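Notes follow the structure.
A short reminder: the numbers here are calculations on the coordinates, not readings from a lab. Keep in mind that what you see is a predicted model, and the values were worked out from it rather than measured. All Cβ positions, glycine included, derive from the backbone under ideal geometry; neighbour counts span all protein chains shown.
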Amino acid sequence: MQFLNGITLLLIYQLVGEVTVRLLGIPIPGPVLGMVMLFITLMIRGAAPDSVEQASGALLSHLSLLFVPAGVGMMAHFHRIAEEWVPITLSLLLSTVITMVATALIMQATTRWLVKQPMTEEQSND
Amino acid sequence: MTDPGLKDIWVYLAASPLLGLTITLVAYGLAYRLYLKSHSNPLVNPVVTSVAMLIGLLLLTGTSYDDYFEGGQFVHFLLGPATVALAVPLYQQFSRLRQLWLPVTISLLSGVVIAAGSSIWLARFFGGSTEIQMSLAPKSATAPVAMGISEKIGGLPSLTAVLVVVTGITGAVLGTKLFELIRVRDDTAKGIAMGVAAHGIGTARAFQVSSQMGAFSGLAMALSAFATAVLVPWLVDWMQALF
């Protein structure tokens, strides 16, 4: 029952997110707004209820499964991908590597410059 | 399949959601077991193996993607509630996040611009058509966001969905090795980079490294979805005017 309550709550936040986005014409997907609203609710409540923790843990522990049907969609685009495979492959691969390296280095550098006493995981008193 | 009885059963099953849903779960179950057997080697990423198995099976049996998606959509649908669910790890990491809000903001904004800008520029440099450039631009954002943006800027949303998944896999497979290479050891920095570049698939990989890296990757994925939706259409206009 806990799990069911949790899933229901997640769906309600998604639904409210979708409706709000459409009503106000915000260029952001409904689930993302739903996430922000749930985050604000948790902040106000000061704790995450067990039901929501259970449901979110279950969904997030196998997050990669949820991308499989979209990945299989590749077969519907074989033709297009085969036509322009050079720019697609090189752009995708290089851009992903560049983005990951640049973001990690920027995050590391700005943390050192801007945050006094960077906390390490070993420090338990934060 | 020469037996007409068997063929009839297959035709019936291929058009019902039961088959698509079941083979998705079975393929993922096998792929995940294989991944554990390989001692969590990122090259044996469960998304890669299960997508390969499923495409192989569909081609072999002559089943169309649309028929498969009748069942696959139930799994695909869960991306929505899973996005909402990211609020929970985010909330649990809030004290750490509050300390780091300024570096996180700077890294996120630069990461989003670099991801979209470099993919457009590289695709153009290697001779890709405008449609391909626009389909690639939002590839680092999570699937539903990326598809919406792709449609808005003149890409092919369904191709973008595929590119999003391939990008996520690339990030998940290469991520930990890359971070070792450039000597970034902080889980927060690794998490932010993973989430910005490789959205949910990267986040799934990050959770396997540590819950802190997972939470920051989830945070980066969620916030960069916002930032991508706002910045990328503007960036596209700007790049087209400039070059």
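Order of A:ILE12, A:ILE7 from fewest to most other C-beta atoms within 10 Å? Working shown, then result.
Numbers: A:ILE12 15, A:ILE7 20.
Sorted ascending by nearby Cβ count, the order is A:ILE12, A:ILE7.
Largest first and in whole Å, give the semi-axes of the stretch B:94-243's equivalent ellipsoid, each being the square root of 5 times a Cα gyration tensor eigenvalue. Working shown, then result.
On the way: eigenvalues 135, 48, 37 Å².
So the three semi-axes of the stretch B:94-243 are 26, 16, 14 Å.
Picking from A:GLY57, A:GLY46, A:GLY34, which is most flexible by a Gaussian network model of chain A using Cα springs under 10 Å?
A:GLY46
Hey, got the average number of other protein chain Cβ atoms within 10 angstrom for residues in B:196-208? Don't skip to the answer; put the middle values down first.
Numbers: counts 7, 10, 3, 2, 5, 5, 4, 3, 8, 2, 0, 4, 2.
If you average over the peptide's residues, the count of other-chain Cβ atoms is 4.
What value in Å³ per residue do you get for the convex hull of the alpha-carbon atoms in the protein assembly as shown?
With only Cα atoms used, the protein assembly as shown gives 152 Å³ per residue.
Mind checking the log10 I(q)/I(0) for the stretch B:1-52 at q = 0.13, 0.14, 0.23 Å⁻¹? Debye, one equal scatterer per Cα, no solvent, two decimals.
-0.45, -0.50, -0.78
If I fit a long axis through the Cα atoms of helix B:143-153 and take the longest principal axis of the Cα atoms of chain B, what angle between them do I get, 0 to 90°, rounded to 10?
Relative to chain B, helix B:143-153 is tipped by roughly 80 degrees.
Looking only at other chains, what is the average number of their beta-carbon atoms within 10 angstrom of each beta-carbon in B:116-122? Let's see the in-between values first.
Values: counts 2, 3, 8, 9, 2, 2, 8.
Neighbouring Cβ atoms belonging to other protein chains average 5 per residue here.
Quantify how strongly other chains surround peptide B:158-171 by giving the mean number of their Cβ atoms within 10 Å of each of its Cβ atoms. Don't skip to the answer; put the middle values down first.
Details: counts 5, 7, 1, 8, 11, 6, 3, 9, 8, 5, 6, 4, 6, 4.
Taking all residues of B:158-171 together, the mean is 6.
Output the peptides B:119-128, B:212-221, A:72-81 sorted from most to least packed, where packing is the average of other Cβ atoms within 10 Å over each peptide's residues. Provide the component values of the computation, followed by the final result.
Working: B:119-128: 19.8, B:212-221: 28.9, A:72-81: 17.7.
Final packing ranking: B:212-221, B:119-128, A:72-81.
Kirkwood Rh, Cα Rg: Rg to Rh for chain A? Present the calculation step by step, with values, prior to reporting the outcome.
Details: Rg = 20.4 Å, Rh = 19.0 Å.
Reported Rg/Rh, Kirkwood definition of Rh: 1.07.
How far is it, in nm, from the label point at A:VAL86 to the one at B:PHE74 when both lie 7 Å from their Cα along the line to the Cβ?
The answer from the label model is 4.5 nm.
Could you compute the FRET efficiency for B:SER129 and B:SER95, with r as their C-beta to C-beta distance and R0 at 45 Å, rounded to 0.05? Mind dumping the intermediate values first?
Values: r = 48 Å, r/R0 = 1.06.
My answer for the efficiency is 0.40.
Quote the convex hull volume per residue of the stretch B:24-129, based on C-alpha atoms, as a whole number of Å³. Mind showing how you got there, number by number?
On the way: hull volume 20.6 nm³, N = 106.
Convex hull of Cα atoms, per residue: 194 Å³.
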